[in-house]
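All remarks here apply to the structure that follows.
The values are calculated or read from the model by the stated rules, or taken from the named source; none is laboratory data. From a predicted model like this one, the values you see are computed outputs, not experimental measurements. Glycine also receives a Cβ, built like all others from the backbone with ideal geometry; neighbour counts cover every protein chain displayed. The protein model used for the area step is the full one, side chains on, heavy atoms only, and it has no ligands, DNA or RNA in it. Shrake-Rupley method; radii C 1.70, N 1.55, O 1.52, S 1.80 Å.
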2 protein chains.
Amino acid sequence: MSAGRVRKEIDGALLDFVDRQRPGVLAISDQLAPMLTALDELLAGGKRLRPAFCYWGWRAAGGEDIEAARGIAAAAASLELLQASALIHDDVMDASDTRRGQPSVHRRFEAAHREQGWRGGAAPFGEGAAILLGDLCLAWSAEMFEVSGLDPESLRRGRRVFDLMRTEVICGQYLDMLEGARGAGTVDDALTVVEYKSAKYTIERPLHMGAELAGGGPQVVDALRAYGRPLGIAFQLRDDVLGVFGDPTETGKPAGDDLREGKRTVLVAFTLERATPAQAELVESRLGDPALDAEGVAQLRTIIEDTGALAACEEMIERYTAQARSALQVAPIAAEARSALAELTVAATARRV
Amino acid sequence: MSAGRVRKEIDGALLDFVDRQRPGVLAISDQLAPMLTALDELLAGGKRLRPAFCYWGWRAAGGEDIEAARGIAAAAASLELLQASALIHDDVMDASDTRRGQPSVHRRFEAAHREQGWRGGAAPFGEGAAILLGDLCLAWSAEMFEVSGLDPESLRRGRRVFDLMRTEVICGQYLDMLEGARGAGTVDDALTVVEYKSAKYTIERPLHMGAELAGGGPQVVDALRAYGRPLGIAFQLRDDVLGVFGDPTETGKPAGDDLREGKRTVLVAFTLERATPAQAELVESRLGDPALDAEGVAQLRTIIEDTGALAACEEMIERYTAQARSALQVAPIAAEARSALAELTVAATARRV
């Protein structure tokens, strides 16, 4: 099946790149082995959504098949290293214990410090190691893109989108953190965060970058972006719903972690817009409480459902997904790309992870 | 004077780049203005050592004057954004309060959080903002290099060194942190950290990158590296001495900050090698104590002097600097580059900052 074949090529390119870096890193010092192990284990998980959208943006704009075209698998897979960087740093900022069902990178190094009985604080050591591993992934993402093997003119076109995308996601993450700190944001404020932190970054820009790499004209680029933008919003809204109501065995995160972290999602903004004063007071007092237990999570979930916020969010996901589907239907692209993107539409907005 | 003219061009390229990014960032949200302000204020300081070495590596390998050659000022200045990223993240990892005599980026955002009375912890907010601003600088450093205006073939040659340099400095910083946690490292262990965290990154690789950008052959590259490597070690040893004995009004850091952070420098390794059991016990018990006061710093300084570690370190600086000077004398490069590098040799190893 096509999706499996694409995934295999992207995984192959990613692992090849990391394997080519490995001897150079270990030649600096074999003490760096745990950094590589932490990266290997993080990269073993993940859905490769961004590389997949990049590749299908490329195909949609007339690029050759992944097995025929030199370089596109690596250029697309470089987005997975950017994502690894974002996840590692995000987990430090959110003090998350887990990622993809495993200990987060900073917790992993914190545990190593504790086991070895080293000097100084174990937590700052873990955070420091995670900051550096995230930096390494960010640097390697750029390197992997450049050495992908695509021709210089393609890279020049794609790089403009790659550059934009990095700036957008970093700025979006700052706004996300700022909204959490300021509280009291509106649904529109939450949607701005969604747009930059996630929607553009996960779907619109990878598609856009792929299309530019292939030399697609403005018509196909605009059509892909018209599909990618609403789908990206729907993707993040689904992620927000899963962050509160998702099954931990599927999300790889403890139940209600987003509530504990005080994320000001669209779901939370809807809840506060519709809450009675008593409900609002309860939400404001419990949201962002790191000690929030299962009962507290259940209480917040009830309010989110009772206010109609969950239904409103589901309705919004439905609406944006439908908008994406309509844009895809009329996009001037080949049938194979359209059908692959239709599959990705389902994967990006599924109620299960 | 030549150094002033080079500095002016490099500063101009750096500020131009940041100014070109500004409207795009503010178009995402005007709430991002404090991120730009923090970057502006950090970039207002600094000696631009890495861009200077990169430029003189370029000239040494036959590159044109900075006012004539399109792109070299920007390519060289992109290293200052890499350095900004390293400093911002380093200050988070070391929990440093100050940088270049001003509050560090994370402390700046921590203070803003406190002033605004926002939700959640002020310290994690500050750290999160600093992690993201460091990420932005790392991404922008790569972008600035690519859009510098140098021709694709020059960039391809220089990029290999740029890539190596990023991996080396990030790995070196991990080893630095690891040595601090493990303690009990030898002088050789400390020298490995010096080599990757600082010596290659500050001097050898910038020279190497400049020479590659200019298309310099192996003879000039080897000669520059033979000069840059020992000078880079001398530079970091001088920095270590200043970190313990330097004047805070000149270093921009509180006196003895390196001791408080528990850095396992060559100076510390020399001290422990030569200390009596009683002296070693005292050093081990006070090094890395965040509460170390002026008296404690004075006590450690006395031991570092009494054991002869300071003199050994000064002797080592002298030896490496002399080695660099000899290599420079015989390097097959133009007189102007030789004389500019001789000036930079003094600047990089001066007893005053």
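Of note:
- Normalising the average separation of contacting C-alpha pairs (under 8 angstrom, six or more residues apart) by the number of residues puts the relative contact order of chain B at 19 percent.
- Compared with the direct C-alpha span, the chain from B:THR37 to B:THR186 gains 49.5 nm at full extension, assuming 0.36 nm per residue.
- Taking 7 Å steps out from each Cα toward its Cβ at A:ASP16 and A:ALA44 produces label points 2.3 nm apart.
- Probing with 1.4 Å while keeping every protein chain in the model, the per residue accessible area of the protein assembly as shown equals 37 Å².
- Residues losing 50 Å² or more accessible surface upon assembly, region A:72-121, compared with the chain by itself, 1.4 Å: A:MET93, A:TRP118, A:ARG119
- Sequence-distant residues sharing a close amide H with B:THR98 (under 5 Å, placed H): B:SER104
- Sequence of A:ASP293, B:ASP240 from largest to smallest accessible area, 1.4 Å probe: A:ASP293, B:ASP240
- List of region A:1-37 residues, accessible area with partners at least 30 Å² below that of the chain alone (1.4 Å probe): A:ILE28, A:GLN31, A:LEU32
- Size of the B/A contact, given as accessible area buried on both chains, probe 1.4 Å, in Å²: 4600 Å²
- Whether region A:177-270 is rounded, prolate or oblate, judged on the alpha carbon gyration tensor where a/c under 1.5 counts as rounded: prolate
- Label point 7 Å beyond Cα of B:ARG325 along Cβ direction - residues of region B:232-269 with amide nitrogen under 19 Å: B:232-239
- Using a cutoff of 8 angstrom between alpha carbon atoms and counting only pairs six or more residues apart, the relative contact order for region A:244-353 works out to 28 percent.
- Shape analysis of region A:294-353 places it in the oblate category; the axes a ≥ b ≥ c from the Cα gyration tensor give an a/c of at least 1.5, with a/b not above b/c.
- 26 Å Cα-Cα threshold exceeded, pairs from A:LYS263/B:LYS197; B:LYS200/B:LYS253; B:LYS47/B:LYS197; B:LYS47/B:LYS263; A:LYS253/B:LYS263; A:LYS200/A:LYS263: A:LYS263/B:LYS197; A:LYS253/B:LYS263
- Net charge of neighbours whose Cβ lies under 11 Å from the Cβ of B:ALA123, counting Lys and Arg as +1 and Asp and Glu as -1: 0
- Rg and Dmax of the protein assembly as shown, based on Cα coordinates, read 26.0, 81 Å.
- Helical content of chain B, expressed as a calculated mean residue ellipticity at 222 nm, amounts to -24500 deg cm²/dmol (DSSP H runs of 4 or more residues, -39,500 (n - 2.57) each, divided by residue number, nearest 500).
- Global form of region B:1-140, assessed from the alpha-carbon gyration tensor, a/c cut-off 1.5: prolate
- With R₀ fixed at 41 Å, the C-beta to C-beta distance from A:ARG5 to A:GLU318 puts the FRET efficiency at about 0.85.
- Under 14 Å from the Cα of A:LYS8 - aspartates and glutamates, other chains or at least 8 residues apart: A:ASP16, A:ASP65, A:GLU67, A:GLU80
- Centroid-to-centroid separation of region B:259-291 and region B:1-50 [C-alpha atoms, Å]: 38 Å
- A simple spin-label model places pseudo-atoms 7 Å from Cα toward Cβ; at A:ARG301 and A:LEU26 they are separated by 4.5 nm.
- With coordinates expressed along the principal axes, the C-alpha atoms belonging to chain B extend over 60, 57, 33 Å, beginning with the largest.
- Share of carbon and sulfur in the accessible area of chain B stands at 51%, probe radius 1.4 Å.
- Each label point was placed 7 Å from the Cα along the Cα-to-Cβ direction; for A:GLU153 and A:ALA68 their separation is 1.9 nm.
- Charge sum, other residues only, whose C-beta stays under 12 Å from A:GLN299's C-beta, Lys/Arg counted +1 and Asp/Glu -1: -3
- Calculated FRET efficiency for the pair A:GLU284/B:ALA291, C-beta based, R₀ 41 Å, to 0.05: 0.65
- Semi-axis lengths, largest first, of the ellipsoid equivalent to region A:151-353 are 34, 18, 14 Å, with √(5λ) applied to each eigenvalue of the Cα gyration tensor.
- For region B:112-125, 3J(HN,Hα) computed residue by residue from phi via the Karplus equation (6.51, -1.76, 1.60; θ = phi - 60°) reads 4, 4, 5, 4, 7, x, 6, 6, x, x, 5, 5, x, 4 Hz, glycine and proline entered as x.
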